[in-house]
Amino acid sequence: MSTAKAWFPYRRKAGELELFSFAHAGAGSTVFSSLRQALARTGIAVAPAVLPGRERRLRDAPHREIGGLLAEFERMALADGAEAFAGEYALLGHCSGAIVAYEVARLLEAAPGPGPRLLVVVSCLPPPLIRDTGTSGLPTRELFARTAALGGTPDALLGNEDFLDMIERPLRADWELFDGYRHRPGPKLAAPILAVRGRDDPDLSAAELARWQDETTGSFSTLELDAGHWALTAAGAEVLAAEIPAELAGARQS
């Protein structure tokens, strides 16, 4: 049985709130390094998720559909009485990871115990607009090329054959999960949502980003960063690290 420590092995609860973060397709916990450093100054601790099939969980089979991933997450959360989510926490996801974060938020709000204080979704269409991109069915080289074009993966790694061999299975699984995702109607989130995009993102318009508002009964705001699809650049992380505490403070007052 997977544990909270397996899912979130890099927890450093130094402040009042933890930000459980989910990366984009094929990515690992290091993509949140800049954001983690920037938020450390605010007392918010970023806890990146390590999903099955990645990093220290490389031997675990990656999930290819959202239902299986959520079922494993729920078993993990219930195993210790949801102790990992007993304090103040928020959720963040980038690109396909935003869909995982959204569905985890729904799950945690339906469970006993506190729900997330905030959901931050970055560079992702709102759930009803998710469509099959066809990426999961591409040949290996085209799969990597499509992923690389979205940004967030260092060029040096993309030129490393051993690295590509290692991540192809979880990368393809992530794309299968995203391409096969279908939004299930249900109660809206109570958690506020902060929806973020790079203003030069060709895959997500400002109008589409605004439709995340339909997923919450709480407060809603948007943020545009000086970036493309990969919005969590060092500069973008600094801007976002200033916005997240402000959103949390606003949620406390509402």
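All of the numbers you see were taken from the coordinates with simple rules; none came from a lab. Every value quoted in this text rests on a predicted model; they were computed, and no experiment measured them. Cβ coordinates were reconstructed from backbone atoms using ideal geometry, including for glycine residues, and neighbour counts include every protein chain displayed.
How about the range 1-62: which trypsin sites (Lys or Arg not before Pro) there lie in a loop by DSSP and see at most 14 other Cβ atoms within 10 Å?
Details: sites: 5, 11, 12, 13, 36, 41, 54, 56, 57, 59; in loops: 11, 12, 13, 41, 54, 59.
Qualifying residues, ordered by number: 12, 13, 41, 59.
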query = How big is the chain by Rg and Dmax over its Cα atoms, in Å?
reply = 16.9, 51
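Could you tally the net charge around residue 6, taking each other residue with its Cβ under 13 Å from the Cβ of residue 6, Lys/Arg +1 and Asp/Glu -1? Write down the numbers at each step before the final one.
Numbers: positive: 5, 11, 54, 56, 57, 59, 75; negative: 55, 60, 72, 80.
Once positives and negatives cancel, what remains is +3.
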message = Once you place label points 7 Å from the Cα toward the Cβ at residue 55 and residue 149, how far apart are they in nm?
response = 2.9
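How charged is the neighbourhood of residue 52? Take every other residue with its Cβ under 13 Å from the Cβ of residue 52, and add Lys/Arg as +1 and Asp/Glu as -1.
Net of charged neighbours comes to +2.
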request  = Note down the nm distance, to one decimal, between modelled labels 7 Å out along Cα→Cβ at residue 86 and at residue 37.
outcome  = 3.4
remark   = Sorted by chain and number, the residues with a modelled amide H under 5 Å from that of residue 19, at a separation of 5 or more or across chains, are 45, 46, 47, 90
message = From the phi angles alone, apply the Karplus equation (6.51, -1.76, 1.60; θ = phi - 60°) to the range 78-94 and give each ³J(HN,Hα) in whole Hz, x where the residue is Gly or Pro.
response = 6, 4, 10, x, 6, 4, 4, 10, 7, x, 7, 8, 9, 10, 9, x, 10
note = If N is the residue count of the range 163-254, its Cα Rg over 2.2 N^0.38 Å rounds to 1.30
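Stretched out fully, how many nm does the piece from residue 242 to residue 142 gain, at 0.36 nm a residue minus the Cα gap?
Values: separation 100, 0.36 × 100 = 36.00 nm, distance 3.68 nm.
Extra length available between residue 242 and residue 142 comes to 32.3 nm.
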